[in-house]
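The values are calculated or read from the model by the stated rules, or taken from the named source; none is laboratory data. As the structure is a computational prediction, the values presented were derived from the model and not from experiment. Cβ atoms come from the backbone with ideal geometry, glycine included; neighbour counts cover every protein chain shown.
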Amino acid sequence: MERTKAAHTPTILTNDPSLTAWGYAVLDPFGKIYASGCIKTAPEHKKRRIRKSDDTQRRASGIIRKLLSLVKQYNVQFILSESPHGSQNASAAVMIGLVVGITQTMAECLDIPIEYYSEGDAKKCALGKLSAAKNEMIEAMTAVFGHKWRTGTKYIDEAVADALGVYHVASEESVIFKMMKR
């Protein structure tokens, strides 16, 4: 279902940021899902015969274009994001900085408030524990939001479930979110 700018109910973009599989959902403060999906990018520097850094920028641009189109299409007024954590190597650390830079810069440039929540926050709120398998989050978010967002494609459902988990914890803890429900 598409929203128009004339709608009065605030719209929220929630994210599970990743350079490889960026999960997102667009909802209202009452849990109605307008859009959800996964922005998948893959390295192609060898195939394209370009520098690895140029390929990383290509991938980031694809994510940014999709997120900006969602913000415009659904008149997003609040952004939520999982806060990326941990890195196993220098390349992973660069990717963490990149995805935080994308979300924070987008929020700043568009003057949209943003809040971050940890993966542990989302799991604790949804499941009552800090650690859980991906399938447990999918099932927990299905219990909260129903089946309509599920695609049957594992990586998409995992990414969207994590984005919905961020929304779920914000609906319980965010002062701004609670004000939007009035």
_Leading residue by the ranking (farthest from PHE30 (Cα to Cα)) among those in segment 139-157 that are charged (D, E, K, R) and in a loop (DSSP other than H, G, I, E, B)_ = ARG150
_Checking SER61 against (1) within 19 Å of LEU98 (Cβ to Cβ); (2) among the polar types (S, T, N, Q); (3) modelled with pLDDT of 90 or more; (4) surrounded by 14 or more Cβ atoms within 10 Å (Cβ to Cβ): exactly one of these is not met. Which one?_
(4)
*Would you check if there is a residue in segment 113-124 being closer than 23 Å to ARG59 by Cβ and in contact (Cβ under 8 Å) with a residue 40 or more places away in the chain?*
yes
_Verdict on GLU158 being surrounded by fewer than 16 Cβ atoms within 10 Å (Cβ to Cβ), modelled with pLDDT of 95 or more, among the acidic types (Asp, Glu) and farther than 14 Å from LEU80 by Cα_ = no
*Taking the residues in segment 113-152 that are among the polar types (S, T, N, Q) and over 24 Å from LEU68 (Cα atoms) as candidates, determine which candidate is surrounded by the fewest Cβ atoms within 10 Å (Cβ to Cβ).*
SER131
*Which residues, counting only those in segment 6-25, are within 16 Å of SER61 (Cβ to Cβ) and crowded, with 18+ Cβ neighbours inside 10 Å?*
PRO17, SER18, LEU19, TRP22
*Being exposed (fewer than 13 other Cβ atoms within 10 Å of the Cβ) and part of a loop (DSSP other than H, G, I, E, B) is the filter here, so list the residues in segment 87-112 that pass it.*
GLN88, ASN89, ASP111
*Only one of (1) at pLDDT 95 or above; (2) touching a Pro at 6+ places or on another chain (Cβ under 9 Å) fails for GLN73. Which number is that?*
(2)
